[in-house]
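Quick notes on the structure that follows.
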Amino acid sequence: MKILVCVSKTPDTTSKIAFTDGNTKFDEAGVQWIINPYDEWYSLVRAIELKEANPAATIHLITVGNADAEPIIRKALALGGDEAIRVNTDNSDAYYIAAQIAEVAKQGGYDLIFTGKETIDYNGSSIGGMVAELVDSPYISLATKFDLNGTTATVVREIDGGEETAEVALPVVVSCQKGMAEQRIPNMRGIMAARTKPLKVVEPIAVDALTSIQSFELPPAKAGVKLVAPDNVAELVRLLHEEAKAI
Amino acid sequence: MSVLIFIDQSEGHVKKSSLEALTYGADVAKQLGTTAEGIVLGTVTEDLTALGKYGVSKIHQVSNAALNNVDAQVYASVISEAATASGATVIVFSHNQTGKAVAARVAAKLKAGLVAGACALPNTSNGFSVKKTVFSGKAYAHVNILSAVKVISLNPNSYKTVATEGTAVVEALAVTVNEPKVKITAVNKITGEVPLTEADIVVSGGRGLKGPEHWGILLDLAKELGAATACSRPVGDAHWRPHHEHVGQTGVQVAPNLYIAIGISGAIQHLAGVNRSKVIVVINKDPEAPFFKAADYGIVGDAFEVVPQLTAAIQKMKAGA
Ligand SMILES: Cc1cc2nc3c(=O)[nH]c(=O)nc-3n(C[C@H](O)[C@H](O)[C@H](O)COP(=O)(O)OP(=O)(O)OC[C@H]3O[C@@H](n4cnc5c(N)ncnc54)[C@H](O)[C@@H]3O)c2cc1C
């Protein structure tokens, strides 16, 4: 069985969000980069667990990004996975990225493709669905549980106002979120092993990007908090009703 | 040229987030000088003609019971076929769970640029640019869609529903409905609760509540307000509350009218998921809690005393009103 895990590099969750070049570029100064938490905590760890249950399985990691993404992919390899593929481009259009992943996926003949539920920077939640469409596989979005029985997967996924259990024959594309697995910390052996795992760099295929970011904007700052004394909750209710018109 | 809006339904009822999508789509159509049409899949018990009041002239219906469950692959093929047949150049979804499953597939199928998580009408003065939230609500991006056909999925609770006059013509649409490859074996809907992403008011609790046995005061307040309940990440991790209630950068992102945070410190990752709320109330016993900096109203005090009093005060206000 072959598993492809999509891994993306995102700013650390505590990063200061600021923009440069007339608000057209994310300001990377001082930013720490991490593996997108959904990719790391859920899809990658669940893939590793599947391999632990079935050592014949192979896990390939894929990232679409320039050379700056390599430390992140090595970090991911320290958790697990057999080899990594980096598609060498920094285009950020979701369709462009999905088309690169789909190309690698078609050539590799994967049974299972995992993505995170979304990236914490662009929050598109779109790569999984697009890849699924491009490789013509079923797509399970927002999965919270994934089990394999031979070549049939049993999956629990989030739907509006609840959850749903589904069965599907491989191959399938799954977007993963909380519930799929528990976060793991890489150990020394993993970190050493990651250094020698293959990291293949491939050039992107020609695809037209369908979107481009024109500019960024920060939300207006809050005016400041109005404090109400704890023994005067009636005043809070009045403010919420009359001033904020929120209740 | 027209705008096609996907109308999401659950057990025969049109979702609130779809009414927002309809209003939004109708406004996009006005902007482009064209008509707005809707598409609804599966069995619907509601009177669809009434949706005309949100600005759609026509609704395409595929009332095939096989479509009562959302299958991303089947839905995408049906919606894409309908979009092409009706000559739609803009397709609008809600960025809810269904939209997250389907919009990206439709976009890839039609080679249409997608803005997922839009929060305002497009700017068409120079191209077609749509504002969306990025960095988990910490910023916005203006994204240009370069393709002829465009797909937009609208963040729930970010566009006001406007109902006026009007009825829509409902037309049965003949399209190919493939057999889904995914077989649904169980559906577990949390009934009687307000879905978190659609809620007008969210009452949320953190580690300050000390344990699951103390959630009663929060649930009472939520009930009084008709609010959905949420929690911080450690609360979800400790299984004090179900994990789908976890809001924040790595949980659900919400944007209600009113977010009440009880015993939550306001870590940057938590704020990322809630800072698009219109009004934020913080109840925390620590005056230094970072959440107060992001709040509109606050009470520095013990949640165990303040929250029951708040519930009572709201009851009283309602009785008086
Ligand atoms: C990569 C990453 C991602 C993360 N993602 C998320 C996320 O999505 N969502 C999220 O919530 N967190 C997230 N976190 C965790 C986050 O950093 C905080 O640890 C977490 O939000 C703290 O939860 P809390 O406020 O409930 O608990 P605490 O920080 O322990 O705060 C408890 C608060 O309760 C107050 N309190 C105590 N007793 C009372 C009382 N009797 N009455 C009133 N107030 C009281 C205290 O003053 C304190 O402010 C993430 C962390 C990382 C590293």
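Scanning region B:276-291 for residues that are within 12 Å of the ligand (Cβ to nearest atom) and either at the interface with chain A (Cβ under 10 Å from one of its Cβ atoms) or crowded, with 21+ Cβ neighbours inside 10 Å (or both) yields B:V282, B:I283, B:N284, B:K285, B:P287, B:A289, B:F291. Tallying residues that are more than 9 Å from every other protein chain (Cβ to nearest Cβ) and in a strand (DSSP E or B) within region B:96-120 yields 1.
Looking at B:S153, B:S204, B:S232, which one is of a type in the set (S, T, N, Q), modelled with pLDDT of 95 or more and closer than 29 Å to B:A319 by Cβ?
On the way: B:S153 fails: closer than 29 Å to B:A319 by Cβ; B:S232 fails: closer than 29 Å to B:A319 by Cβ.
Sole residue among the options that is of a type in the set (S, T, N, Q), modelled with pLDDT of 95 or more and closer than 29 Å to B:A319 by Cβ: B:S204.
Residue-wise test of (1) in a helix (DSSP H, G or I); (2) touching a residue at least 60 places away in the same chain (Cβ under 8 Å); (3) within 16 Å of the ligand (Cβ to nearest atom).
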residue	(1), (2), (3)
A:N23	no, yes, no
A:E28	no, no, no
A:K51	yes, no, no
A:I59	no, no, no
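Of the strands (runs of 3 or more DSSP E) that lie entirely inside region A:91-169, those containing 2 or more residues that are free of Cβ contacts under 8 Å to residues at least 12 places away in the same chain span A:139-149, A:162-169.
Just so you know, in region B:232-249 the residues that are within 7 Å of chain A (Cβ to nearest Cβ) and more than 9 Å from the ligand (Cβ to nearest atom) include one that is nearest to the chain's Cα centre (by Cα), and it is B:H244. If you filter region B:250-270 down to residues that are more than 8 Å from chain A (Cβ to nearest Cβ) and at pLDDT below 95, you find that the one that is farthest from the chain's Cα centre (by Cα) is B:V252. Flag not set for A:E217, criterion: surrounded by 14 or more Cβ atoms within 10 Å (Cβ to Cβ), within 12 Å of chain B (Cβ to nearest Cβ) and at negative phi. Residues that are among the polar types (S, T, N, Q) and either on the phi > 0 side of the Ramachandran plot or within 17 Å of the chain's Cα centre (by Cα) (or both): does region A:46-54 have at least one? The answer is no, given that none of the residues of region A:46-54 is among the polar types (S, T, N, Q) and either on the phi > 0 side of the Ramachandran plot or within 17 Å of the chain's Cα centre (by Cα) (or both).
For region B:76-95, state whether one or more residues are within 9 Å of chain A (Cβ to nearest Cβ), under 22 Å from the mean Cα position of the chain (by Cα) and either surrounded by fewer than 17 Cβ atoms within 10 Å (Cβ to Cβ) or charged (D, E, K, R) (or both). The answer is no, given that none of the residues of region B:76-95 is within 9 Å of chain A (Cβ to nearest Cβ), under 22 Å from the mean Cα position of the chain (by Cα) and either surrounded by fewer than 17 Cβ atoms within 10 Å (Cβ to Cβ) or charged (D, E, K, R) (or both). The condition of being part of a loop (DSSP other than H, G, I, E, B), surrounded by 15 or more Cβ atoms within 10 Å (Cβ to Cβ) and not hydroxyl-bearing (S, T, Y) holds for A:V207.
Scan region B:8-20 residue by residue and report those that are within 19 Å of B:T167 (Cβ to Cβ) and more than 13 Å from every other protein chain (Cβ to nearest Cβ). Walk me through how you get there before you give the answer.
Step one: filter region B:8-20 for residues within 19 Å of B:T167 (Cβ to Cβ), giving B:9, B:13-14, B:18-19.
B:L19, the sole residue that qualifies.
Applying the set (1) surrounded by fewer than 21 Cβ atoms within 10 Å (Cβ to Cβ); (2) under 14 Å from the mean Cα position of the chain (by Cα) to B:K100 leaves exactly one unmet item: (1). Filtering region A:1-20 to residues that are assigned to a loop (DSSP other than H, G, I, E, B), more than 19 Å from the chain's Cα centre (by Cα) and away from chain B (no Cβ under 14 Å) leaves only A:M1.
The values are calculated or read from the model by the stated rules, or taken from the named source; none is laboratory data. Predicted model only: the values in this text are computed from it and were never measured. Quick reminder, even Gly has a Cβ in these numbers, built from the backbone with ideal geometry, and neighbours come from all protein chains shown.
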